[in-house]
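To start, the structure itself, in structure tokens.
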Amino acid sequence: MTEKNNTILPQARHKDLLVQELPDELLVYDLESHRAHCLNRTAALVWKRCDGRTSFSDVAMDLSNEVRVPIDEDVVRLALQQLDEAHLLAGPVEPISRGNSLSRRRLIKGIGLAAAIPLVTSLTAPIIHAGVSSCTLACTTSADCQIVTPTPAGCTTCCNNLGVGPPGLCVAPSSAVPPFCAEG
Amino acid sequence: MASIWPRLKSTHPGLGRVERLDDWNAAETFECYGLQIGVKVSKRGVLGELRAFFPPGWRKSNAVLVDRLYSVRIAAGDKSPFHLLYADGKRIARSRTLKTIFDWFESDLHHFVAEANEGRIFVHAGVVGWNGRAIVMPGRSYSGKSTLVAELVRQGATYYSDEFAVLDSRGRVHPWARQLAIRENGAAGKGTRYPVEAFGGKAGKRPLPIALVIAFLYQRGAGCRLAQLSPGGGVMALLEHTVGIRQKTELALPILRLVASRVPCFEGVRGEAKGTAGTLLHDFGSLVIQE
């Protein structure tokens, strides 16, 4: 029998997050970074128990009851690691111990049930709106593009890779390359 | 006479300079999804051409104060050889060809309506109706949405949109049936516009409940294979293509959740539109990879 781990889980972050419950998943939208995170059942369960009072052992036991297979505390650690990377925790996470980095493959091998492994998938919400067109200007030759240097206020680049405008735009692939007309 | 021209509801830095120009010749205001939009031009005949790019469902309006104001100055010889397009006083396009100006006008205007309207969520997607329900195919611009939608229409589906899935709070999809923009052989640009009748089809008029969400990735010569997404994966696939999600998060998330938790969502690759459309409509089950 393994020794009980009384290490306490950190607190979950709740500020500036929008949460939507789904069957067996949790969708968390970060209003600060505009990143959306989809937590599978295991990751969601760990996140919900991050209250600054619950121990690793308690959560591992809850998970075992939930998925009906013995769950290692490393599963909880992997969940915390992913939740931390997604900035969904308010407090610090203790570094992974035993000199082992946790891998999904190793844990699946140990548990034998892929669905029990925590998974947080994330994406950055797109900037697709009318405002972006003020960062881009149509052109017919590369000479037209001189009018976009310096870049218009509020734009970090002058490019057409946002999928909102027609080609024939001034394009600045990097700060080292001056804008040129994609069709010029 | 200047007072009859549409004016922005809110003042805007830079707007005054364009407003002070006195060579406007014609103007029009229209309403779309509760937004008042004004257009003024320096050459009367251009207004009629711009009308072809107004968003689906627009209605003429008498409002003077508008939410968005477009101003088009037409080139005038060697002194000012460029046509200029302004939105709310900011120049957004400068070109020697009017077509470029029209393309930018349409792109900016449609995205403005998609983002600024209250109550509806616009997802970049192709949409068709089939057996009284909608098939929604989210995807980026230039990802082949229009070509696939056209082929689905050719094979009997009802046209809803090749640009946006317009979702209401009940998760239904409304028509946004602009003329289809088809790029021949993958050519660059906005493509040629065709009415839906050119494909032997008709446009839907009523909102439909959604039957399927499919996020396709086109690969030349590939077969069509789909894998089912979890509801959370479905929300992510829709969210990735939702216009103005950063501004309308609280409205959009519950709608996307509603759709993805009720409707099967898939992602996968597809090859040519003709084969994909036929299988999609008549033998959908054969496309799905069983896990």
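Please verify whether B:Gln228 is of a type in the set (S, T, N, Q), surrounded by fewer than 18 Cβ atoms within 10 Å (Cβ to Cβ) and within 13 Å of another protein chain (Cβ to nearest Cβ), treating the condition exactly as stated. Against the criterion (of a type in the set (S, T, N, Q), surrounded by fewer than 18 Cβ atoms within 10 Å (Cβ to Cβ) and within 13 Å of another protein chain (Cβ to nearest Cβ)), B:Gln228 does not qualify. Screening the candidates B:Lys43, B:Lys60 for the property of being more than 19 Å from B:Asp168 (Cβ to Cβ), at pLDDT below 95 and either surrounded by fewer than 20 Cβ atoms within 10 Å (Cβ to Cβ) or aliphatic (A, V, I, L, M) (or both) yields one hit, B:Lys43. Residues that are buried (at least 17 other Cβ atoms within 10 Å of the Cβ), free of Cβ contacts under 8 Å to residues at least 24 places away in the same chain and not basic (Lys, Arg) occur in the range B:64-82; there is at least one. Residues in the range A:8-27 that are more than 15 Å from B:Leu239 (Cβ to Cβ) and either without any contact (Cβ under 8 Å) to a residue 40 or more places away in the chain or out of contact with any Phe, Trp or Tyr (no Cβ under 9 Å at 6 or more places or on another chain) (or both): A:Pro10, A:Gln11, A:Arg13, A:His14, A:Lys15, A:Asp16, A:Glu21, A:Pro23, A:Asp24.
Just one of (1) under 16 Å from the mean Cα position of the chain (by Cα); (2) more than 8 Å from every other protein chain (Cβ to nearest Cβ) fails for B:Gln155. It is (1).
Residues that are among the aliphatic types (A, V, I, L, M) and either at the interface with chain A (Cβ under 7 Å from one of its Cβ atoms) or farther than 18 Å from B:Val166 by Cβ (or both) within the range B:231-252 comprise B:Val235, B:Met236, B:Leu239, B:Val243, B:Ile245, listed in sequence order. Selection within the range B:256-279: residues that are surrounded by fewer than 22 Cβ atoms within 10 Å (Cβ to Cβ) and β-branched (Val, Ile, Thr). The member of this set that is farthest from the other protein chains (Cβ to nearest Cβ) is B:Thr279. Filtering the range A:79-99 to residues that are within 14 Å of A:Leu9 (Cβ to Cβ) and at pLDDT below 90 leaves A:Gly91, A:Pro92, A:Val93, A:Glu94.
The values are calculated or read from the model by the stated rules, or taken from the named source; none is laboratory data. Quick caveat: nothing in here was measured; it's all calculated off a predicted structure. Note: ideal-geometry Cβ built from the backbone for every residue, glycine included; neighbour counts use all protein chains shown.
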